[in-house]
Each structure stands twice: as C-alpha cells, then as structure tokens.
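A short worksheet on the structure shown next.
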Amino acid sequence: MDRQARRTRRLTMAVALNVALAVVQVVSGLLAHSVALLSDAGHNVTDVAGLCVALVAVRWALRPRSDQRSYGHHRGTILAALANAAVIAVVTAGIIVAGLQRLAHPRPVHGTIVLAVAAAAFVINASVAASLHEKSRDLNMRAAAVHMAADAVASLAVAAAGVVLVVDPALRWADPVASLGVGLLIIVEAYRIMRSSVAVLLESTPPDVDLKALTAAMAEVPDVAEVHDLHVWSLSSEVRALSAHVVVAGHPTLEEAQVVGDRVKEAVGGPFAIAHSTLELECERCVEGDDDPCLMDTLVPRPKARP
C-alpha cells in the first residue's frame, strides 16, 4: 500500500471516530450543563470538516498534471491546510466567547459526566493523532495530526476540570476556565499552520533551506564558475523546486554543459530535497554589475510617465 493510500485509510478512520465522539460530547455536554464539553465537541465538529478537506486534498494531489496545471495539483494540500486553520480559528473564537459568558454566569455542572466523557475523548483523540503522525513534511497531514493532538490535550484539560468538579461541585469556574484554555491552545496551533501555509503560497524560501549553503554546494560542482538569480520555493510541503542561472567555465559544448547541469541537479537533489530544478546554463554572466536583466522584474515593461 503506497503512502497516499495509507493516508486515505487513516484519515477515513479519523473522520468516523470524530463523528461518533462529537455526537457523544454534544449529548453529554447538554446533560451535564458543561460548556467545556460543548466547546470540545464544537472543535471536534470542525475537525471532522477539516479531516474531510484533508482527505479530499490527498486524493486531489494524486490527479495527473495537465496543460492548465503543469506542476500538478500539489498545492491542493496547502489550500486544505490553510482552510482548516482559518475555520478552526473562527470556531475557537466562538468557544472563547462562550467560555467568558459562562465564567461571568456560572451554572451547576455534573463533574462525573464531564470526567468520564473527557477521559474517553482523550484516549480516542490521542490514538488518532498517533496514527496520523508521520515523519514527512506534508503540511496537510501535519495540520490533521496537530488538530487531533490539540484535541487530546483539550480533552485532558476538560477531564481535569471534571476532577475539580467531582471533588468540589461548588467550583463552577473550573469548567469555563478549561474551555478558555482549550481555545487558546488551539488558536495558537491554527496560527502556526496558517503561517506555514501562507509561506508556501507566497513561494517563500523553505525555512530549513540555507541559500548560502545551497549556492556553495552548486558552486563546488566542477566547471561551475558562478551561480546567480537563485530561487527556491515549495510546490507543497513535500515538493520543492529550484531555478538558477549557472555560469559554466571554459565555453563548453552543449553536451559538456548539459553534463555540468546534471551534476548540479544531483548536488542539490538529495541534500536539499529539491525535486524539480530548472537551470539556465551560461558561458558568461548576463551582465556585469549589480543590475541583472535575468531577474523577472526587469522583464516587466514599466508604463511611461505622462508629460
């Protein structure tokens, strides 16, 4: 079974478990008058939607490239991660508002029900998070795993509130305080995923790629005189691309220059996880000095100033 098939199976299982868990939490939250359980259920509902989006993105990324999508559909997983983070941030804001309202107007809460349901939710969420966790850099799967891990921690906080309420039912503030802690924890994780997704969509240099080290590795290839106009970006969390101008020493033939280009691709492919490299091989630099006509912004015609 390939990686995408395994991801599909794990995500499908996670969706089914979260649907069942959310139903139990909603019913139990209403019976126990617990805003913490209801907030946890609300986040589980968003997780169901998020996991469904992640599942669709995994399948979407498998679609073959076309004339309109020459790089394929790798960005689908990034869009899914960004959508998940945005939805979770909005729902979590609602959870925080509900927690503040309940903190101002506390109600009696059945601590035993809260403790039992939250403990069961912790076990389920932790198990699902462990099944979704993987060593790859895929942001879509990372978002799904982080959501479930945050749910597990949130359920643990709700269970702690249940323990407090079982020991002393008069401590009604424990329930809304737990919901506020859950909300703050989740919104921080949503922000981190959103920031990483935006960085990919803006084609920023991957954070673990050192451009100086990358340039040095390319320059160390025999017969490479200079590397300039270097760009590195991510098509998805797992697929990186590179473009650069490489000055080849000695005015080689086309065949000899191609050999140098292949060596440069090998030098960056494994160590820097570059899946797609586009190199423009030159016998001499485009121009002397700081102004480089190879850069894209110099190719865009500027409007003439009006007299």
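Bear in mind these aren't lab numbers, they're just calculated from the coordinates by the rules spelled out. Model, not experiment: these values are computed from the prediction. Reconstructed Cβ throughout: ideal geometry from the backbone, glycine too, with neighbour counts over all protein chains shown.
Brief remarks follow.
- Potential lengthening of the chain between residue 130 and residue 163 amounts to 9.3 nm, from the contour at 0.36 nm per residue minus the alpha-carbon distance.
- Separation of the residue 273 and residue 253 label points, Cα + 7 Å toward Cβ, nm: 4.0
- Backbone N within the range 248-265 under 11 Å of label point (7 Å from residue 225 Cα along the Cβ vector): 248-252
- Ranked 103, 132, criterion: other C-beta atoms within 10 Å, fewest first: 103, 132
- For the range 149-207, diffusion coefficient by Stokes-Einstein and Kirkwood Rh (Cα), 37 °C, 0.692 mPa s, µm²/s: 247
- 13 Å beta-carbon shell around residue 160, net charge (K/R +1, D/E -1): -2
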